[in-house]
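The values are calculated or read from the model by the stated rules, or taken from the named source; none is laboratory data. Keep in mind it's a predicted model, so treat the numbers as computed, not measured. For neighbour counting, all protein chains shown are included, and Cβ atoms are generated from backbone atoms with ideal geometry for every residue, glycine included. Heads up: the accessible areas ignore ligands, DNA and RNA and are worked out on the full protein's heavy atoms, side chains in. Shrake-Rupley method; radii C 1.70, N 1.55, O 1.52, S 1.80 Å.
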Amino acid sequence: MKRVKKYLLPFAFLLLPLLGGAASILIPMDDAQKDHLKSYGVAFWVLKNGETVDWLLNYRGGSFMSAYSKKLEDECKIRGVSYEVLPDAQVNQILAQINDPSVNMNMVKLEKAPRMAVYSPKVGVLPSDDAVINVLKYAEIPFDIIYDEEIMNGVLSKYDWLHLHHEDFTGQYSKNYRRYASQPKFIEDKQIQEMTAKKLGFAKVSKMKLAVAQRIRDYCAGGGFLFAMCSGADSFDIALAAANTDICETVYDGDPADPDAQSKLDFSQTLAFQNFTVNTDPFAHSFSDIDVGHTRRVAREDDFFTLFDFSAKWDIVPSMLTQDHDRVIKGFRGLATAFNKDKLKPGVTILGELKTANEARYIHGEYGKGQWTFYGGHDPEEYQPNPNSPPTDLSLHPNSPGYRLILNNVLFPAARKKHQKT
């Protein structure tokens, strides 16, 4: 009898999930996790399959927990994601710890996979090194690519979440005329943009980009979730503010900029920034004084920003957006590296900042019924972007704290019913 018990015991443990002893699967998001980025993909996969995910804010780095199933366990194994099978008793202990009023933790239930779109060109100069496209592919999170034509044709209503790739909404082609004007890719992109503008009935690319920006702003006001990085953030607001003037010089749109453009800016039209000064020099590699990337004096070894610690029980939204296994994130540059705090509108929440400088790296706000997040810099794992380098190989950075901030925003709309102003 003792011999039978000895051999049956391992099989009994294997049968625990089938017998109801294994209630949940925990995907830890602390240093025990082998692949933080693919973990978000697993959570998204659960939502796509009609199940829910509990996001455990501030518990082991912002872990995910879902009801046990053999399919979920297999999916974790296939994707190389660390997981723990927990019995009911242990789950109850975790929830009791999280619900303790004296502990800065909370549980948010993610209920439905958001419909994802990325604003990006489909032909011409593809942004293959766009950090969001890169991490969505790595995490195996499905998304559609849409661009100017689709937006002007009303496609935004199909989506819950939109990312703006490193676009220039001012119509100045990222002010790359001096560096790239003779290069075939620049010429091709400019020709495609001009043909699209003409097709859509606009005399200039800048007018088309303005109309697109206004549609995107309306999408956010109606309840959409907007995420932008690098120049997709500041050029978006600049274009909106310049709706009644011309800030583009002749090399970009065929006629000179309005000499009184600065006085005609309307900051009531923007989401995040106000009182900024535009730079109409066609060859200066900056749009305005929103971005401090061209004036900051921060050595690379000192270039880090710190995430704020919010109350997970009261400030649920910023707590979700700042979940990470590290609170200090290494800096990285871009066409828009960091945002001047003096140019932020009242009500904008700073999620991450460089404390030794007057700059915000990661900000969030509400607009109408929707919400937006802007993240400075180009690629969290490439300090100085190089347009000739291949996309970052995320299999070499599966635990990137900087990339995790992007994916927090991807899951954010799944908790839509939980979003309440505190």
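Answer rounded, prolate or oblate for the chain, using the Cα gyration tensor with square roots of eigenvalues a ≥ b ≥ c: rounded when a/c is under 1.5, else prolate when a/b is larger than b/c, else oblate.
Since a/c reaches 1.5 and a/b is larger than b/c, the shape of the chain is classed as prolate.
Keeping all protein chains in place and using 1.4 angstrom, which order do Met29, Met195 fall into by accessible surface area, from largest down?
Heavy-atom accessible area, descending, gives Met195, Met29.
In square angstrom, rounded to the nearest 10, how much accessible surface does Lys207 have for a 1.4 Å probe?
Lys207 has an accessible surface of roughly 80 Å² with all protein chains in place.
Is segment 260-406 rounded, prolate or oblate when judged by the Cα gyration tensor, a ≥ b ≥ c being the square roots of its eigenvalues, rounded requiring a/c under 1.5 and prolate requiring a/b larger than b/c?
Values: a/c = 1.85, a/b = 1.15, b/c = 1.61.
It is oblate, given that a/c is not under 1.5 and a/b is not larger than b/c.
Which residue, Asn153, Ser39, Val135, has the largest displacement toward the positive end of the dipole of the chain when charges sit on each Cβ (Lys, Arg +1; Asp, Glu -1)?
Ser39
Just to make sure I understand: if all protein chains stay in place, what is the order of Thr349, Thr196 by accessible area at 1.4 Å, largest first?
Numbers: Thr349 45, Thr196 25 Å².
Most to least solvent-accessible, the answer reads Thr349, Thr196.
At 1.4 Å probe size, with no ligands or nucleic acids counted, give the accessible surface of Tyr83 in Å², nearest ten.
The accessible area comes out at roughly 60 Å².
Suppose all protein chains stay in the model; what accessible area per residue would a 1.4 Å probe give for the chain, in Å²?
On the way: 18660 Å² over 422 residues.
Accessible surface, normalised per residue, equals 44 Å².
Would you please put 38-45, 354-361, 149-156 in order of how densely packed they are, using the mean number of other Cβ atoms within 10 angstrom per residue and starting with the highest? Could the numbers behind the result be given before it?
Numbers: 38-45: 25.1, 354-361: 18.4, 149-156: 15.8.
Ranking, from highest mean packing down: 38-45, 354-361, 149-156.
What is the magnitude of the charge dipole of segment 56-174 about its Cα centre, with +1 placed on the Cβ of each Lys and Arg, -1 on the Cβ of each Asp and Glu, and no other charges, expressed in debye to the nearest 20?
Details: 11 positive and 17 negative charges, 84 e Å.
With only Lys, Arg, Asp and Glu charged at Cβ, the dipole is about 400 debye.
Over the Cα atoms of segment 72-209, what Rg and Dmax result, in angstrom?
Just the Cα atoms of segment 72-209 yield Rg and Dmax of 22.2, 67 Å.
Answer with one residue from Phe225, Asn275, Ile290: the one whose Cα lies farthest towards the positive end of the charge dipole of segment 189-311, charges on Cβ with Lys, Arg +1 and Asp, Glu -1.
Selected residue: Phe225.
Find how many whole Å separate the alpha carbon centroid of segment 158-230 from the alpha carbon centroid of segment 356-421.
20 Å
Hey, quick one: spin label on Lys122, modelled 7 Å out along Cα-Cβ, who in segment 151-177 has an amide N within reach, i.e. under 15 Å?
Counting only backbone N, you get 151-156.
Using the charge dipole of the chain (Lys, Arg: +1 at Cβ; Asp, Glu: -1 at Cβ; taken about the Cα centre), state which of Val251, Gly352, Leu210 has its Cα farthest towards the positive end.
Among Val251, Gly352, Leu210, the one farthest towards the positive end of the dipole of the chain is Gly352.
Using per-residue counts of other Cβ atoms within 10 Å, averaged over each peptide, order 373-382, 113-122, 261-270 from highest down.
On the way: 373-382: 25.0, 113-122: 19.3, 261-270: 15.1.
Ranking, from highest mean packing down: 373-382, 113-122, 261-270.
Counting helices only, and only those DSSP H runs with n ≥ 4, report the 222 nm mean residue ellipticity of the chain as the sum of -39,500 (n - 2.57) divided by its residues, in deg cm²/dmol to the nearest 500. Don't skip to the answer; put the middle values down first.
Working: 14 runs with 135 residues, N = 422.
The per-residue figure over the chain is -9500 deg cm²/dmol.
Ignoring ligands and nucleic acids, what accessible area does Asp88 show with a 1.4 Å probe (Å², nearest 10)?
Taking all protein chains as shown, Asp88 has close to 80 Å².
Explain nothing, just the number: dipole magnitude of segment 264-376 about its Cα centre with +1 on each Lys and Arg Cβ and -1 on each Asp and Glu Cβ, in debye rounded to the nearest 20. Walk me through the numbers before you get to the answer.
Values: 14 positive and 15 negative charges, 14 e Å.
The dipole of segment 264-376 has a size of about 60 debye.
Place a +1 charge on the Cβ of each Lys and Arg in the chain and a -1 charge on the Cβ of each Asp and Glu, then give the dipole magnitude about the Cα centre in debye, rounded to the nearest 20. Provide the component values of the computation, followed by the final result.
On the way: 49 positive and 53 negative charges, 308 e Å.
Dipole size: approximately 1480 debye.
Below 26 Å, Cα to Cα, which lysines can Lys122 reach? Residues fewer than 8 away in the same chain don't count.
Lys38, Lys48, Lys137, Lys158, Lys175, Lys185, Lys190, Lys198, Lys199, Lys204, Lys207, Lys209
Determine the shape class of segment 141-292: with a ≥ b ≥ c the square roots of the Cα gyration tensor eigenvalues, call it rounded for a/c under 1.5, and otherwise prolate if a/b is greater than b/c, oblate otherwise. It would help to have the intermediate numbers written out before the result.
Values: a/c = 1.59, a/b = 1.20, b/c = 1.32.
Note, shape of segment 141-292 comes out oblate.
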